[in-house]
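The values are calculated or read from the model by the stated rules, or taken from the named source; none is laboratory data. Values in this document were obtained by computation on a predicted structure and should not be read as measured data. Please note: Cβ atoms are built from the backbone with ideal geometry, for glycine as well, and neighbour counts cover all protein chains shown. The area values use the complete protein model at the heavy-atom level, side chains included, leaving out ligands, DNA and RNA. Shrake-Rupley method; radii C 1.70, N 1.55, O 1.52, S 1.80 Å.
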Amino acid sequence: MNELRDAHVRQTIYKNCFQSKGPFETVHCVSFQPREWKDNQDRVVTERWDVCGQEWLFLAVLDGSHFGPQTATCTSRALPTYIRKKLRAYVEGVGGRLDRTNLNQHEA
């Protein structure tokens, strides 16, 4: 009986699971909804950025359960670009390099 229940649980998780592998070998994610009848509304973003010669890894998990999957999808497309532009402007404003020494000098 436990084997049958375990198989059912595994099947339920599989059916409601969103899996993705990011563009990097070390970034993986798994997300699932606890109820069978709901579609997964989460959106996951992984991007690698070059900002003034420094490598940045941007990771975001956007939960669409409150304002819907359309909002999470729109945000997953717009937010990374907005943050990358603001980050680039800030890094350029502190001399083109962001580390602890110049961050303390410029007090973000």
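For region 50-108, which positions are in contact (Cβ under 8 Å) with a residue 24 or more places away in the chain, assigned to a helix (DSSP H, G or I) and open to solvent by 90 Å² or more (accessible area, probe 1.4 Å)? Let's see the steps before the verdict.
Keep residues of region 50-108 that are in contact (Cβ under 8 Å) with a residue 24 or more places away in the chain, which gives 51-54, 56-59, 61, 65, 68-69, 72-73, 75-76, 79-80, 83-84, 87-88, 91-92, 96-98.
Still in the running and assigned to a helix (DSSP H, G or I): 69, 72-73, 75-76, 79-80, 83-84, 87-88, 91-92.
The answer is Glu92, and nothing else.
Just one of the listed residues (Arg84, Arg97) is farther than 28 Å from Cys29 by Cβ and in contact with a strand residue (DSSP E or B) (Cβ under 9 Å, 6 or more places away or on another chain), and it is Arg97.
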